[in-house]
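Peer 1: My structure is below; once you've seen it, I'll send some questions.
The values are calculated or read from the model by the stated rules, or taken from the named source; none is laboratory data. Note that the coordinates shown come from a computational prediction; the quantities given were computed from them, not determined experimentally. Cβ: placed from backbone, ideal geometry, glycine included. Neighbour counts: every protein chain shown. Ligands, DNA and RNA are stripped out before the accessible areas are found, and what is left, the full protein with its side chains, is counted by its heavy atoms. Shrake-Rupley method; radii C 1.70, N 1.55, O 1.52, S 1.80 Å.
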Amino acid sequence: MQRLASIGVLSIALLLLAGCREEKTPPPPAPRPVYVDSPQFTGTNAYLHCHDICALGPRLSDSPAYAAQLDYLAKHLRAAGWTVHRDTFRVGNVGMTNLRAVKTKSPGTSPPLLLSCHIDTKRGIAPDFESADDGASGAAVLLELARVLPPELSEQVELIFLDGEESFAPRMSETDGLYGSRFDVARRAGVLPRYQINLDMVGGRNKIIAPPSLDTSDFMYAHYMASIRELGFNPERWTVWPGSYMDDHLPYLEAGVDSLNLIAVFTGSSWWHTTGDNMKRICPHSLEESGRITLHLIRRLLGQQ
Ligand SMILES: [Zn+2]
């Protein structure tokens, strides 16, 4: 983790300028960059959140690192004016916690739009597994969104950081995995949001984001494609996966929520669920694109543009 702490302003500026298209020669040590105080979604800020979360070590459910991550998230959410709730539950002898944040002034109601990501780390990989993209990147984007969402949007949005997305067994199955999202859908007892946007693996350099077509309604697909067009994003890097994924959108989708899973293509990759999923793969520009399109989708879905 010392290596991560030495990444500086210069390297981030270079990454942003280069669009993270290639890995640079490691820069000389530089002071740790500071958070950018801007009203815009800033990739550098999301990058710093991702770095700080990874520095906690693997965030396995029910571990001290997971608890420290909850405290980190809660601290930044409260600083941005959000009310934070922790929902605890058990899976066998493992304690799990979803963390939710709202700004709504109407307690007991469900804001129409749920933004979700998972924050647990896959078990059994390695003691130094950073789980940077598959775990930390979504939380990093949500934290930066929490900072910049204007009041007319934030009061209609709920944020949820989900535990237990990863299975205990090496591979996910119908009965192993998605514990946090399944618990949350059941907890709501039918009082569900209208829309959900789930973010998973949204910070890798050269990523290709591809929501699963079989899990995406025509309505959400239209908003997704219009957002890509309006933002001028590369349609070859913002596309659709011809199939379905088991991910945290599914329990909501099955309960009738209109869901969109913003997820990078990861099958067949050399880094997924390996120590290769580390901060070297993460790129401020990539995080910034993910944040910008999520913000754009929020505005479209809530009729703010
Ligand atoms: Zn995973």
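Peer 1: Tell me, what is the 1.4 Å probe accessible area of residue 215, in Å² to the nearest 10?
Peer 2: It works out to around 10 Å².
Peer 1: Identify all aspartates and glutamates with a Cα-Cα distance to residue 280 below 12 Å; exclude those on the same chain that are fewer than 8 residues away in sequence.
Peer 2: In chain and number order, the partners are 22, 23, 130, 133.
Peer 1: Looking at the chain as a GNM with Cα springs under 10 Å, which of 42, 294, 267 has the largest mean-square fluctuation?
Peer 2: 267
Peer 1: If you place +1 on the Cβ of every Lys and Arg, -1 on the Cβ of every Asp and Glu, and leave all else neutral, what size is the dipole of the stretch 2-301 about its Cα centre, to the nearest 20 Debye?
Peer 2: Numbers: 29 positive and 34 negative charges, 118 e Å.
That gives the stretch 2-301 a dipole magnitude of about 560 debye.
Peer 1: Of the GluC sites (Glu not before Pro) in the stretch 149-236, which ones lie in a loop per DSSP and count no more than 10 other C-beta atoms within 10 Å?
Peer 2: Taking the stretch 149-236 and a limit of 10 other Cβ atoms within 10 Å, the loop GluC sites (Glu not before Pro) found are 174, 236.
Peer 1: Can you classify the stretch 33-89 as rounded, prolate or oblate using the Cα gyration tensor, where a ≥ b ≥ c are the square roots of its eigenvalues, rounded means a/c under 1.5, and otherwise it's prolate if a/b beats b/c and oblate if not?
Peer 2: Taking the square roots of the gyration eigenvalues as a ≥ b ≥ c, the stretch 33-89 is oblate.
Peer 1: Which residue, chosen from 263, 64, 198, occupies the Cα position most advanced towards the positive end of the dipole of the chain, where the dipole is computed from +1 (Lys, Arg) and -1 (Asp, Glu) charges on Cβ about the Cα centre?
Peer 2: 64
Peer 1: Mind listing the Cα extents of the stretch 27-167 along all three principal axes, in Å, largest one first?
Peer 2: 47, 43, 19
Peer 1: State the antiparallel share, in %, of DSSP beta bridges confined to the chain, rounding to the nearest 5.
Peer 2: 45
Peer 1: Per the 1.4 Å probe, what fraction of the accessible area of the stretch 2-301, in percent, lies on carbon and sulfur atoms?
Peer 2: 55
Peer 1: Just to be sure I follow: if Rg is taken over the C-alpha atoms of the chain and Rh is the Kirkwood radius over the same atoms, what is Rg/Rh?
Peer 2: 0.93
Peer 1: Something else: Over the chain, average the accessible area per residue using a 1.4 Å probe and give it in Å², no decimals. Please list the in-between numbers first.
Peer 2: Values: 12680 Å² over 305 residues.
On a per-residue basis, the chain sits at 42 Å².
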